[in-house]
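Structure, as structure tokens:
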Amino acid sequence: MKSENFETIAIRTQVERSLHKEHSSPIYLTSSYKFDDAEEMRALFANEKEGNVYSRYANPSTSEFIEKMCLLEGAEDGFATATGMAAIFTTFGAFLKNGDHIISSRSVFGSTHQLLTNVFSKWGVTFDYADLDKPEDWEGLIKPNTKMIFVETPSNPGIDIIDLEFLGDLAKKHNQLLVVDNCFATPYLQQPIALGAHISIHSATKYIDGQGRVLGGIILGSKALITEVMNFARHSGPSLSPFNAWILSKSLETLAVRMDRHCENALKVAEYLEKHPKIKLVKYPFLPSHPQYEIAKKQMKQGGGVVTVVVEGGVAGAGKFMDGLKMFSISANLADTRSIATHPATSTHSKLTEEERNIVGIEQGSVRLSIGLEHINDIIADIEQALNTP
Ligand SMILES: *Cc1c(COP(=O)(O)O)cnc(C)c1O
């Protein structure tokens, strides 16, 4: 039975059962595969026949994870990587060459910023940053050698949003690749390809695992684009391990119910914090006070699990709040079942200059709250006692 429904696809997409008729998919821990004869080996290497050759290229556990993600995200094909950064690096590596130019949203994950400023710049790729809240600026930054538009929405940790349909039209008009880091939204909340993106990237380490266990990433797009990704990845070797792929495929079975609860809890926290006198600013996509609320409502199913706040009192205020938390973990990760508090200015975004941080809305008092799946009363009680500590 073929289903159109997210939950059913996430649970019922499975690789073919083995001789043992297992109910749950096994892990295929194998680096390589046997060929029936010399002719089969030749045909597989010549791409005349489909089948597994070597786990750097493909593995049944990885293929199951990719197939699910393609169906959930509306992509024709995908390639799974060891980490989210490997997915971003591989995408840049596959499509950019010396002399090309990228326009990127200014507010990007700290390591993506490092790739642009310190790695691809060495290889002659230039970039310009544009602001998510100023869509009118983007077209003016396009140059004859602009090859790619890269964007994170919602952004980490600023929780800014841009209209993906608008960027999809822009990329189409100027014949560029629109690449979206869809990590914060997951395919359950936002499907960039349907909105005009060519490629959607995830750090599967975040909500797709959602339980803080493994690292992983994935690149999704059309068959033709993923073939180009594959040609680069086959030889550079960023592949996801079969064990992690198995975990991630299992995790997808519960993504919908987990995201529903993350979003429900996060909205309640955002509404609570918005009224608190020690909080200067709350950024959450589904709060009507969010500057891009209407766009968020249009392109996202719910607001996600991350709330970014600015605490009164700068770095000291943020530190006091974080140290006062008794249940929240202080960690650099996010998207776990456990609620997490992070101080971006001194951790994930410490490599940015103060000026760069100000532009992307990271203040000394900014704290990123990744709202977990604990009981909402405990989450709010912990925040309340930490903010009210004299
Ligand atoms: C965490 C993260 C990444 C990097 O993913 P890793 O799996 O840690 O390599 C990329 N983009 C965003 C938005 C992230 O939050």
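Rule-based calculations on the coordinates, nothing more; no lab input. Owing to the predicted nature of the structure, the values given are computational and were not obtained by experimental measurement. All Cβ positions, glycine included, derive from the backbone under ideal geometry; neighbour counts span all protein chains shown.
When the dipole is taken about the Cα centre of the chain, and only Lys, Arg (+1) and Asp, Glu (-1) are charged at their Cβ, what size is it in debye, to the nearest 20? Don't skip to the end; give the middle numbers.
Values: 38 positive and 47 negative charges, 98 e Å.
That gives the chain a dipole magnitude of about 460 debye.
Starting from the Cα coordinates of the chain, work out the convex hull volume and express it per residue in Å³. Walk me through the numbers on the way to the answer.
On the way: hull volume 56.1 nm³, N = 390.
Once divided by residue count, the hull of the chain is 144 Å³.
Only loop residues by DSSP count here, and only those with at most 15 other Cβ atoms within 10 Å; note down the GluC sites (Glu not before Pro) in segment 23-52 that meet that.
On the way: sites: Glu39, Glu40, Glu48, Glu50; in loops: Glu48, Glu50.
Counting only loop positions with at most 15 other Cβ atoms within 10 Å, the GluC sites (Glu not before Pro) in segment 23-52 are Glu48, Glu50.
What 222 nm value per residue comes from the helices of the chain, counting each DSSP H run with n ≥ 4 as -39,500 (n - 2.57) and dividing by all residues, nearest 500 deg cm²/dmol?
Details: 14 runs with 142 residues, N = 390.
Counting only the DSSP helices, I get -10500 deg cm²/dmol.
Could you tell me the calculated FRET efficiency between Ser289 and Thr346, based on Cβ-Cβ distance and R0 = 30 angstrom, to the nearest 0.05? Write down the numbers at each step before the final one.
Working: r = 27 Å, r/R0 = 0.89.
Between Ser289 and Thr346 the formula returns 0.65.
Hey, if you put +1 on the Cβ of every Lys and Arg and -1 on every Asp and Glu Cβ in segment 1-133, which of Thr83, His20, Phe45 ends up farthest toward the positive end of that dipole?
Thr83
Considering only the chain, what is the antiparallel percent among its DSSP beta bridges, to the nearest 5?
Values: 24 of 43 bridges.
So the antiparallel bridges amount to about 55 percent of the total.
Once you put a point 7 Å from the Cα of Asp137 and another 7 Å from the Cα of Lys275, both along the Cβ direction, what distance in nm separates them?
3.6
Which of the three applies to segment 287-369, rounded, prolate or oblate, going by the alpha-carbon gyration tensor with a ≥ b ≥ c and a/c under 1.5 meaning rounded?
Numbers: a/c = 1.84, a/b = 1.27, b/c = 1.44.
Note, shape of segment 287-369 comes out oblate.
Work out how much length Thr389 to Glu354 would gain on full extension: take 0.36 nm times their residue separation and subtract the Cα-Cα distance, in nm to one decimal.
Numbers: separation 35, 0.36 × 35 = 12.60 nm, distance 2.86 nm.
That works out to 9.7 nm of additional length.
Could you calculate the FRET efficiency of Tyr54 with Lys2 from 1/(1 + (r/R0)^6), where r is the beta carbon distance between them and R0 is 25 Å, rounded to 0.05? Working shown, then result.
Details: r = 31 Å, r/R0 = 1.24.
Step by step, r from the Cβ atoms, then E = 0.20.
For the chain, with the dipole built from +1 on Lys and Arg beta-carbon atoms and -1 on Asp and Glu ones, taken about the Cα centre, which of Leu96, Pro277, Gly365 lies farthest toward the positive end?
The residue sitting farthest along the positive end of the dipole is Gly365.
Counting only C-alpha contacts under 8 Å and six or more residues apart, can you give the relative contact order of segment 31-103 as a whole percent?
Values: 34 pairs, mean separation 12.9, N = 73.
Value for segment 31-103: 18 percent.
Could you work out the relative contact order of the chain, using alpha carbon pairs under 8 angstrom and six or more residues apart, expressed as a whole percent? Working shown, then result.
Working: 753 pairs, mean separation 66.6, N = 390.
That works out to 17 percent.
Along the Cα→Cβ direction, 7 angstrom out, place labels at His235 and Glu253. What is the inter-label distance in nm?
That separation, rounded to one decimal, is 4.0 nm.
Any chance you could run the full-extension gain for Val315 through Asn118? It's 0.36 nm times the residue separation minus the Cα-Cα distance, nm to one decimal. Numbers along the way, then the final one.
Values: separation 197, 0.36 × 197 = 70.92 nm, distance 2.77 nm.
The Val315-Asn118 span can extend by a further 68.2 nm.
What is the distance in Å between the Cα centres of segment 10-61 and segment 179-211?
Using only Cα atoms to place each centre, the spacing works out to 26 Å.
Taking a ≥ b ≥ c as the square roots of the Cα gyration tensor eigenvalues, with a/c under 1.5 meaning rounded and otherwise prolate when a/b beats b/c, else oblate, which class fits segment 96-153?
Working: a/c = 2.60, a/b = 1.21, b/c = 2.15.
Note, shape of segment 96-153 comes out oblate.
Out of Ile295, Thr342, Met322, whose Cα points farthest toward the positive end of the dipole of segment 255-387 (charges: +1 Lys, Arg; -1 Asp, Glu; placed on Cβ)?
Comparing the listed Cα positions along the dipole, Ile295 ranks first.
Run the simple label-point estimate for Tyr33 and Lys326 please: 7 Å along Cα→C-beta, distance reported in nm.
The two pseudo-label positions are separated by 5.5 nm.
By its C-alpha gyration tensor, with a ≥ b ≥ c as the square roots of the eigenvalues, how is segment 152-242 shaped: rounded for a/c under 1.5, else prolate for a/b larger than b/c, else oblate? Before the final figure, lay out the partial values.
Working: a/c = 2.38, a/b = 1.13, b/c = 2.11.
Because a/c hits 1.5 or more and a/b fails to exceed b/c, segment 152-242 counts as oblate.
Kindly state, to the nearest 0.05, the FRET efficiency for Phe243 paired with Lys97, given R0 = 35 Å and r defined as their beta-carbon distance.
Details: r = 34 Å, r/R0 = 0.98.
It comes to 0.55.
Hey, in the GNM for the chain with a 10 angstrom Cα cutoff, which one of Ala233, Ala46, Ala75 fluctuates hardest?
Most flexible of the set in this elastic network: Ala46.
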